[in-house]
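Notes to accompany the following structure.
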Amino acid sequence: MSRGSTDLIAGRHYPRDWNQFLDWFSDEGTCLSYLEQLRWPEGFSCPRCGARNEPHRSSRGSLICRACRHQATVTAGTVFDKTRTSLRTWFAAAWYVTNQKYGVSALGLQRVSGLGSYQTAWAMLHRLRRAMVRTGRERLNGKVEVDETYVGILDPKRLRQGARRQGHTAQTLVAIAIEMLEPKGFGRIRLRRVPSGAQKHLLPFVCEIVQPGAIVHTDGSGAYRSLSEHGYVHHQSVHLGSDSPAHVSMPGVHRVASLLKRWLLGTHQGGVQSKQLDYYLDEFTFRFNRRTSRSRGLLFYRLLEQAVVTPPVTYQRIAARKT
């Protein structure tokens with residue numbers, strides 16, 4: 001069970017700073033012990049039979065269940081499963097990723113961590129991105145703005161055809177939802193790539209990420225026409241012919257759209273491909289929703305906490321040419 005932020009103490013549950021990070025994680029053993037505490041905060045639970053007991057510990061790091069003799073490891077079934085990269089390097093990468101306000105590129109991670117190849121750094125980042133979305137997270141509530149925006153994404157087909165640089169990109173539609181706080185300010189966001197602006201794509205997005213009973217503010221698109229039938233208080237702003245510009249009547253979604261595009265072009269140099277966009281959207285959401293956190297160490301803790309319950313993914317699957 002995830003601990004609440006108020007239950008976590010800097011210097012006890014996570015490092016206060018980089019110097020303490022180096023003291024805590026001096027070798028693989030200390031990293032494994034930390035992951036074990038995160039994965040089984042109430043004590044070891046056998047992945048096979050579910051028995052809770054203190055396991056036998058082999059010299060090679062296996063945890064042997066006393067009830068069924070199943071041999072488990074701390075990293076099996078997690079983001080770190082079968083990794084050939086040291087856990088110290090993984091931890092340093094997680095610390096670096098969560099301590100950079102605007103994120104990091106694979107090339108930047110490779111340079112600071114001393115990884116031997118760009119592909120290794122690229123795959124590490126994508127595995128960490130998969131751990132940035134918490135399962136069972138609460139839906140947005142209160143007053144929520146919803147809209148869509150187009151983002152320019154690299155098109156591999158055009159790249160293979162040798163098109164000019166400006167012709168390498170394709171426009172991909174992203175749905176945006178953001179909580180609007182009273183009297184002012186922004187709350188949490190949700191992002192999702194959608195095939196089109198049709199009702200069959202946008203209505204499920206709203207229903208899955210916004211709590212029924214919330215006030216949903218959209219533009220005049222007919223795709224949102226039936227929101228009131230699904231338990232929402234629907235507020236529409238028709239921008240065509242209106243004296244109020246869209247960015248004034250719906251400031252939240254336009255602010256997020258602007259920041260997202262700037263982040264993709266700045267941190268990632270516009271090098272994101274369509275097949276990977278969903279995970280970049282997850283990272284942007286993770287960062288935006290934690291933008292006010294004063295403790296980078298807490299973000300490190302949260303990322304690793306989620307990493308030990310996130311299923312593993314192979315490099316081949318990450319790099320698969322599926323959109």
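The values are calculated or read from the model by the stated rules, or taken from the named source; none is laboratory data. Since we're looking at a predicted model, the values are computed, not measured. Cβ sites come from the backbone with ideal geometry, for glycine too, and all protein chains shown count toward neighbours. Calculation scope for accessible area: heavy atoms of the full protein, side chains included, ligands and nucleic acids excluded. Shrake-Rupley method; radii C 1.70, N 1.55, O 1.52, S 1.80 Å.
Please compute the net charge surrounding residue 180, taking Lys and Arg as +1 and Asp and Glu as -1 over other residues with Cβ under 9 Å from its Cβ.
It works out to a net charge of -1.
If you take the charge dipole of the stretch 185-323 about its Cα centre, with +1 on Lys and Arg Cβ and -1 on Asp and Glu Cβ, which of 194, 304, 246 is farthest toward its positive end?
304
Compute the length gained on full extension between residue 141 and residue 60: take 0.36 nm times their separation in residues and subtract their Cα-Cα distance, giving the result in nm to one decimal.
24.3 nm
So if each residue of separation counts as 0.36 nm, and I subtract the Cα-Cα distance between residue 51 and residue 278, what length gain in nm does that give? Numbers along the way, then the final one.
Values: separation 227, 0.36 × 227 = 81.72 nm, distance 3.66 nm.
Result: 78.1 nm gained on full extension.
Viscosity 1.567 mPa s, temperature 4 °C: Stokes-Einstein D of the stretch 76-160 from its Kirkwood Cα radius, in µm² per second? Write out the running numbers ahead of the final one.
On the way: Rh = 15.7 Å.
Rounded to a whole number, D works out at 83 µm²/s.
Which residue, 215, 64, 189, tops the fluctuation ranking in a GNM of the chain built on C-alpha contacts under 10 Å?
Maximum fluctuation in the GNM of the chain, among the listed residues, is at 64.
Within the chain, what whole-number % of the accessible surface is contributed by carbon and sulfur, with the 1.4 Å probe and all protein chains included in the calculation?
Numbers: 8310 of 17150 Å².
Carbon with sulfur: 48 percent of the solvent-accessible area.
Using label points projected 7 Å from each Cα along Cα→Cβ, tell me how many nm separate residue 181 and residue 16, to one decimal.
Once both label points are built, they end up 2.7 nm from each other.
Return one number: the angle in degrees, 0 to 90 and rounded to the nearest 10, between the long axis of the Cα atoms of helix 277-289 and the longest principal axis of the Cα atoms of the chain.
90 degrees
In Å², and per residue, what accessible area does the chain have when probed at 1.4 Å with the other protein chains present?
Values: 17150 Å² over 323 residues.
Value returned for the chain: 53 Å² of accessible area per residue.
Angle check, please: helix 251-266 long axis (alpha carbons) against the longest principal axis of the chain (alpha carbons), in degrees 0 to 90, nearest 10.
Approximately 60 degrees, to the nearest 10.
Which net charge results for the neighbourhood of residue 102, defined as the other residues with beta-carbon distances under 10 angstrom from its beta-carbon, given Lys and Arg at +1 and Asp and Glu at -1?
Numbers: positive: 101, 262, 287; negative: none.
Counting the neighbours of residue 102, the net charge comes to +3.
Per DSSP H run of n ≥ 4, the term is -39500 (n - 2.57); total these for the chain, divide by its residue number, and report the mean residue ellipticity at 222 nm rounded to 500 deg cm²/dmol.
About -10500 deg cm²/dmol.
Put +1 on the Cβ of each Lys and Arg and -1 on the Cβ of each Asp and Glu in the chain; which of 295, 123, 24 then has its Cα farthest toward the positive end of the dipole?
Positive-most Cα among the choices belongs to 123.
Between the helical axis of 199-209 and the dominant principal axis of the chain, each derived from Cα atoms, what acute angle in degrees is found, rounded to the nearest 10?
50 degrees
In debye, nearest 20, what is the charge dipole magnitude of the chain about its Cα centre with +1 on Lys and Arg Cβ and -1 on Asp and Glu Cβ, if you could check?
Numbers: 47 positive and 24 negative charges, 208 e Å.
Around 1000 debye, computed over the chain.
Taking amide hydrogens as modeled 1.01 Å from N in the peptide plane, which residues meet the under 5 Å criterion relative to residue 155, leaving out close sequence neighbours?
Sorted by chain and number, the residues that satisfy this are 169, 170.
Among 96, 56, 11, whose Cα projects farthest towards the positive end of the dipole of the stretch 1-102, with charges put on the beta-carbon of Lys, Arg (+1) and Asp, Glu (-1)?
Positive-most Cα among the choices belongs to 56.
Roughly how many debye, to the nearest 20, is the charge dipole of the stretch 191-323 about its Cα centre, given +1 on each Lys and Arg Cβ, -1 on each Asp and Glu Cβ, and no other charges? Don't skip to the end; give the middle numbers.
Values: 17 positive and 8 negative charges, 119 e Å.
Around 580 debye, computed over the stretch 191-323.
Please give the Cα centre distance for the stretch 180-213 versus the stretch 45-67, rounded to the nearest Å.
Taking the Cα centre of the stretch 45-67 as reference, the centre of the stretch 180-213 is 43 Å away.
So, with +1 on the Cβ of K and R and -1 on the Cβ of D and E, and no other charges, what is the size of the charge dipole of the stretch 26-103 about its Cα centre, to the nearest 20 debye? Walk me through the intermediate numbers first.
Values: 11 positive and 6 negative charges, 46 e Å.
For this selection, approximately 220 debye.
So what J values fall out for the stretch 114-126 if you push phi through Karplus, 6.51 cos²θ - 1.76 cosθ + 1.60 with θ = phi - 60°, rounded to Hz, Gly and Pro as x?
These are the phi-based 3J(HN,Hα) values: x, 5, x, 9, 5, 4, 5, 5, 4, 5, 4, 4, 5 Hz.
Using Cα pairs under 8 angstrom and six or more residues apart, how large is the relative contact order of the chain, in percent? Don't jump to the answer; show the numbers that get you there.
Details: 447 pairs, mean separation 72.5, N = 323.
Computed value for the chain: 22 percent relative contact order.
Quick check: net charge around residue 85, other residues with Cβ under 13 Å of its Cβ, Lys/Arg +1 and Asp/Glu -1?
Working: positive: 82, 84, 88, 127; negative: 28, 81.
Cβ neighbours under 13 Å give a net charge of +2.
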